[in-house]
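> Got a structure for you, questions after.
The values are calculated or read from the model by the stated rules, or taken from the named source; none is laboratory data. Remember, it's a predicted structure, so these values are computed and weren't measured experimentally. Note: ideal-geometry Cβ built from the backbone for every residue, glycine included; neighbour counts use all protein chains shown.
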């Protein structure tokens with residue numbers, strides 16, 4: 001690393017130092033955000049696997065309640081990470097943090113409302129009517145997450161993060177909305193539509209796993225390695 | 001062309017680097033500044049002390065977990081001084 005001494009300097013050298021240090025500061029914030037995104041992505045991947053196993057063993061979608069633990073896992077992991085790194089506190093970093101907090105709060109409230117609404121609707125309506133009235137959580141959550149990754153990319157001026165967020169959010173939303181997991185499951189496992197009800201809670205986890213990898217862990221890794 | 005005088009306190013490589021790092025952040029740890037500038041701890045301490053005495057930065061000794069940690073923040077006075085320094089620099093560089 002080039003060492004900066006405290007000697008006299010020319011105007012050009014002054015400008016070079018200012019530009020270089022501001023750029024370094026921006027990179028440090030990007031790196032730190034990349035690390036956070038990477039950790040959150042890995043935590044979400046692990047959580048979707050745990051939930052898929054829970055849903056498989058209980059034969060119910062109750063495992064999805066474990067998603068409420070995800071913010072706690074991420075907060076704990078970030079705290080451990082912050083103790084190690086020396087990234088500066090900046091306006092950009094705070095903006096990214098607040099964007100994710102807003103997303104987390106709104107998503108958790110939406111998730112809670114949906115659980116209540118879907119449970120009530122399942123008791124009040126016939127199955128056909130319920131299928132029309134229920135709120136589909138997964139496509140909306142992955143879309144919101146994709147939006148948050150995209151906004152993060154805009155704040156950090158990382159074009160690739162914007163692209164990753166856009167593709168992962170819209171891609172996994174369509175994946176879930178169009179029932180690609182279900183179609184693939186029927187095709188690969190040779191199962192009938194009637195058997196699909198049992199595996200649907202597991203297939204939702206696959207959508208979250210896909211998003212966590214392409215929308216968070218992979219771009220987070222590339223960002224922390226300063227490749228984006 | 002009129003050349004504006006450059007603040008002698010900022011017209012030093014290491015002090016200018018410290019101020020440029022802090023201008024882009026709300027606060028930064030001593031170890032981060034040391035890492036980014038590549039300066040020795042002793043030299044950096046002396047320069048930070050000079051900036052702090054001039055009121056350009058605020059130094060806070062705190063703890064990060066169980067480890068001691070020194071936090072540096074730019075003050076409003078520091079912001080103004082840096083702004084004036086950049087304005088003065090533009091006259092030397094003939095930037096409009």
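> Limited to segment B:30-42, what total is found for residues that are at the interface with chain A (Cβ under 8 Å from one of its Cβ atoms) and either surrounded by fewer than 17 Cβ atoms within 10 Å (Cβ to Cβ) or not in a helix (DSSP H, G or I) (or both)?
Our first condition is that a residue be at the interface with chain A (Cβ under 8 Å from one of its Cβ atoms); within segment B:30-42, this holds for B:31-32, B:35-39.
Filter once more, so that each one left must be either surrounded by fewer than 17 Cβ atoms within 10 Å (Cβ to Cβ) or not in a helix (DSSP H, G or I) (or both): B:31, B:35, B:38-39.
Qualifying residue count, segment B:30-42: 4.
> Oh, and also: Out of A:108, A:70, report the one residue that is buried (at least 16 other Cβ atoms within 10 Å of the Cβ) and assigned to a helix (DSSP H, G or I).
Values: A:108 fails: buried (at least 16 other Cβ atoms within 10 Å of the Cβ).
One residue alone meets the criteria, A:70.
> Among the helices (runs of 4 or more DSSP H) confined wholly to segment A:121-192, which include 1 or more residues that are touching a residue at least 24 places away in the same chain (Cβ under 8 Å)?
Numbers: elements: A:127-133, A:137-155, A:159-177, A:180-189.
Ranges flagged: A:137-155, A:159-177, A:180-189.
> In the list A:63, A:97, which residue meets the criterion of being assigned to a helix (DSSP H, G or I) and touching a helix residue (DSSP H, G or I) at 6+ places or on another chain (Cβ under 6 Å)?
On the way: A:97 fails: touching a helix residue (DSSP H, G or I) at 6+ places or on another chain (Cβ under 6 Å).
That would be A:63, the only listed residue that is assigned to a helix (DSSP H, G or I) and touching a helix residue (DSSP H, G or I) at 6+ places or on another chain (Cβ under 6 Å).
> Which residues, taken from segment B:1-10, are under 12 Å from the mean Cα position of the chain (by Cα) and either without any contact (Cβ under 8 Å) to a residue 24 or more places away in the chain or surrounded by fewer than 20 Cβ atoms within 10 Å (Cβ to Cβ) (or both)? Before you say what the answer is, go through the steps one by one.
Going residue by residue through segment B:1-10, those that are under 12 Å from the mean Cα position of the chain (by Cα) are B:9-10.
Answer for segment B:1-10, where residues must be under 12 Å from the mean Cα position of the chain (by Cα) and either without any contact (Cβ under 8 Å) to a residue 24 or more places away in the chain or surrounded by fewer than 20 Cβ atoms within 10 Å (Cβ to Cβ) (or both): just B:9.
> Sticking with this structure for a sec: List the number of the failed condition for residue A:86; all other conditions in (1) part of a loop (DSSP other than H, G, I, E, B); (2) under 24 Å from residue A:144 (Cβ atoms) hold.
(2)
> Among the candidates A:77, A:36, single out the residue that is under 20 Å from residue A:155 (Cα atoms) and touching a helix residue (DSSP H, G or I) at 6+ places or on another chain (Cβ under 7 Å). Please lay out each step first, then the result.
Values: A:77 fails: under 20 Å from residue A:155 (Cα atoms).
The unique qualifying residue is A:36.
> Any residue that is without any contact (Cβ under 8 Å) to a residue 40 or more places away in the chain, out of contact with any strand residue (DSSP E or B) (no Cβ under 7 Å at 6 or more places or on another chain) and within 14 Å of chain B (Cβ to nearest Cβ) - is there at least one of those in segment A:23-40?
First, pick out the residues of segment A:23-40 that are without any contact (Cβ under 8 Å) to a residue 40 or more places away in the chain: A:23-24.
Going one step further and asking which of them are out of contact with any strand residue (DSSP E or B) (no Cβ under 7 Å at 6 or more places or on another chain), we end up with A:23-24.
With within 14 Å of chain B (Cβ to nearest Cβ) added as a condition, the list becomes A:23-24.
Checked segment A:23-40: at least one residue is without any contact (Cβ under 8 Å) to a residue 40 or more places away in the chain, out of contact with any strand residue (DSSP E or B) (no Cβ under 7 Å at 6 or more places or on another chain) and within 14 Å of chain B (Cβ to nearest Cβ).
> Could you grab me the full set of residues in segment A:85-99 that are touching a strand residue (DSSP E or B) at 6+ places or on another chain (Cβ under 7 Å) and in contact (Cβ under 8 Å) with a residue 24 or more places away in the chain? Reasoning before the result, please.
Within segment A:85-99, the subset touching a strand residue (DSSP E or B) at 6+ places or on another chain (Cβ under 7 Å) is A:86, A:88-89.
Within segment A:85-99, just A:88 meets the criteria.
> Touching a strand residue (DSSP E or B) at 6+ places or on another chain (Cβ under 9 Å), free of Cβ contacts under 8 Å to residues at least 24 places away in the same chain and either surrounded by fewer than 18 Cβ atoms within 10 Å (Cβ to Cβ) or closer than 30 Å to residue A:156 by Cα (or both), is that true of residue A:82?
Values: touching a strand residue (DSSP E or B) at 6+ places or on another chain (Cβ under 9 Å): yes; free of Cβ contacts under 8 Å to residues at least 24 places away in the same chain: yes; either surrounded by fewer than 18 Cβ atoms within 10 Å (Cβ to Cβ) or closer than 30 Å to residue A:156 by Cα (or both): yes.
Taking the combined requirement at face value, the residue satisfies it.
> Condition first: closer than 26 Å to residue A:65 by Cα and surrounded by fewer than 19 Cβ atoms within 10 Å (Cβ to Cβ). Can you find one or more residues in segment A:147-165 that meet it? Please lay out each step first, then the result.
Taking segment A:147-165 and keeping what is closer than 26 Å to residue A:65 by Cα, we get A:147-149, A:165.
When the remaining residues are screened for being surrounded by fewer than 19 Cβ atoms within 10 Å (Cβ to Cβ), the result is A:147.
The answer is yes; a qualifying residue exists.
> Something else about it: So which of B:27, B:13 ends up being at pLDDT 90 or above, within 12 Å of the chain's Cα centre (by Cα) and at the interface with chain A (Cβ under 9 Å from one of its Cβ atoms)? So that I can check it myself, show each step before the final result.
Values: B:27 fails: at pLDDT 90 or above.
Going through B:27, B:13 in turn, just one is at pLDDT 90 or above, within 12 Å of the chain's Cα centre (by Cα) and at the interface with chain A (Cβ under 9 Å from one of its Cβ atoms): B:13.
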